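In what follows, a single structure is set out as structure tokens and then discussed.
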Amino acid sequence: MKLVRKDLEKDNAGQVTLIPEEPEDMWHTYNLLQVGDSLRASTIRKVQTESSTGSVGSNRIRTTLTLCVETIDFDSQACQLRVKGTNIQENEYVKMGAYHTIELEPNRQFTLAKKQWDSVVLERIEQACDPAWSADVAAVVMQEGLAHVCLVTPSMTLTRAKVEVNIPRKRKGNCSQHDRALERFYEQVLQAIQRHINFEVVKCVLVASPGFVREQFCDYMFQQAVKTDNKLLLENRSKFLQVHSSSGHKYALKEALCDPAITSRLSDTKAAGEVKALDDFYKMLQHEPDRAFYGLKHVEKANEAMAIDTLLISDELFRHQDVATRARYVKLVDSVRENMGTVRIFSSLHVSGEQLGQLTGVAAILRFPVAELSDQEDESSSEED
């Protein structure tokens with residue numbers, strides 16, 4: 001998705017202009033649209049014309065319309081999005097208040113205006129427009145004194161950091177200068193990894209080098225992680241994969257990506273993270289039910305106690321037509337994040353999202369047990385729909 005323009009006021013009213021580039025961008029757009037929004041886009045309209053002789057004909061004309069959105073229809077198989085509404089801007093071909101359907105198309109821009117852009121919608125735009133969010137493979141290509149930290153997307157490789165340190169040669173009987181410079185180099189590469197790799201998104205980090213540089217660096221990195229109790233690196237240790245490359249230059253990454261062992265490792269989908277989170281929830285529900293809640297009311301109560309470690313929530317809930325209900329879900333997400341909890345927004349198109357939908361669409365893994373709530377009627381999202 002390409003962001004062309006964003007004009008938001010202090011009260012978060014305003015409009016954004018976007019160009020969908022991939023089929024998945026249509027899914028993102030579907031999640032951005034709500035009834036009552038204003039959508040401006042190019043469309044084809046059948047217009048009747050009358051000639052001077054009185055004969056009536058019809059032509060198909062491309063025009064730009066601004067609709068007040070009333071219905072949104074998404075075809076997940078064809079990735080097509082149709083939006084129906086009433087015309088709210090004077091047009092020579094379409095009367096004010098007339099109904100029309102706009103079919104949003106890839107590589108054709110549209111402008112979406114809302115009275116209130118909430119945090120969940122703004123985050124989705126950020127993710128859809130930032131190539132780093134689709135880059136679930138990272139790579140560190142290195143040789144002594146040179147390293148490139150890259151993110152690999154389906155369509156491009158982005159260099160996020162280049163580290164260069166002059167490493168003196170080893171001298172007979174004195175290697176201290178060489179070793180100190182090498183340690184300084186490793187430290188800078190480690191900092192670049194922590195700064196530029198988002199382990200929530202990335203599922204595999206390739207460490208590629210000629211010789212033994214990659215082994216020495218990985219040993220150094222995890223020794224430092226143990227020393228400094230760096231939980232982020234230690235928890236994601238299994239994501240690091242060592243491979244051979246001919247040099248530390250960016251072009252050498254191609255060799256590493258062609259390795260059959262790497263190709264099979266990268267065949268996992270991004271949804272694996274969602275599947276694991278749901279699996280963790282079911283295990284907790286079975287073994288420690290006081291630390292696994294589902295249903296909006298129970299989860300909100302757990303949040304009031306600041307007990308939520310991981311919130312599992314379906315993106316379907318953010319398409320709720322009732323503004324107050326939608327705002328309630330957004331408030332829950334914002335609050336969990338403020339309390340340093342993790343939020344996983346599940347796609348209702350994935351199997352894991354469908355399973356979460358059967359649990360009302362909202363569930364939580366808690367940091368500590370919370371006494372079972374009284375058995376009053378649960379205002380779960382399924383009853384509010």
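The values are calculated or read from the model by the stated rules, or taken from the named source; none is laboratory data. Keep in mind the model is a prediction, meaning the values are calculated, not measured. Cβ coordinates were reconstructed from backbone atoms using ideal geometry, including for glycine residues, and neighbour counts include every protein chain displayed. The area values use the complete protein model at the heavy-atom level, side chains included, leaving out ligands, DNA and RNA. Shrake-Rupley method; radii C 1.70, N 1.55, O 1.52, S 1.80 Å.
May I ask you to verify whether MET306 is open to solvent by 20 Å² or more (accessible area, probe 1.4 Å), assigned to a helix (DSSP H, G or I), modelled with pLDDT of 90 or more and hydrophobic (A, V, I, L, M, F, W, C)?
On the way: open to solvent by 20 Å² or more (accessible area, probe 1.4 Å): yes; assigned to a helix (DSSP H, G or I): no; modelled with pLDDT of 90 or more: yes; hydrophobic (A, V, I, L, M, F, W, C): yes.
No, not satisfied.
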Of everything in the range 181-200, what is under 10 Å from ALA138 (Cα atoms) and in a helix (DSSP H, G or I)? Give them in sequence order.
ILE193, HIS196
Just one of LEU122, LEU112, LEU158 is assigned to a strand (DSSP E or B) and at pLDDT below 95; which is it?
LEU158
If ARG124 passes every condition in (1) loosely packed, with under 15 Cβ neighbours inside 10 Å; (2) in contact (Cβ under 8 Å) with a residue 60 or more places away in the chain; (3) among the basic types (Lys, Arg) but one, which one does it miss?
(1)
List pairs: first residue in the range 303-325 and within 18 Å of SER348 (Cα to Cα), second residue surrounded by 15 or more Cβ atoms within 10 Å (Cβ to Cβ) and among the aromatic types (Phe, Trp, Tyr) anywhere in the structure, Cβ distance under 7 angstrom, at least six positions apart or on different chains.
LEU312/PHE281; LEU312/PHE346; ILE313/TYR329; ILE313/PHE346; SER314/PHE346; ASP315/PHE346; LEU317/TYR329; PHE318/TYR329
For the range 24-61 the number of residues that are under 20 Å from ALA78 (Cβ atoms), open to solvent by 30 Å² or more (accessible area, probe 1.4 Å) and of a type in the set (A, V, I, L, M) is 1
Just give me the residues in the range 323-378 being farther than 27 Å from GLY36 by Cα, modelled with pLDDT under 90 and touching a helix residue (DSSP H, G or I) at 6+ places or on another chain (Cβ under 9 Å), in sequence order.
HIS350, VAL351, SER352, GLN355, VAL370, ALA371, GLU372, LEU373, GLN376, GLU377, ASP378
When you scan the range 201-296 for helices (runs of 4 or more DSSP H) that lie fully inside it, which ones turn up with 3 or more residues that are out of contact with any strand residue (DSSP E or B) (no Cβ under 6 Å at 6 or more places or on another chain) and at pLDDT 90 or above?
213-227, 231-235, 272-287
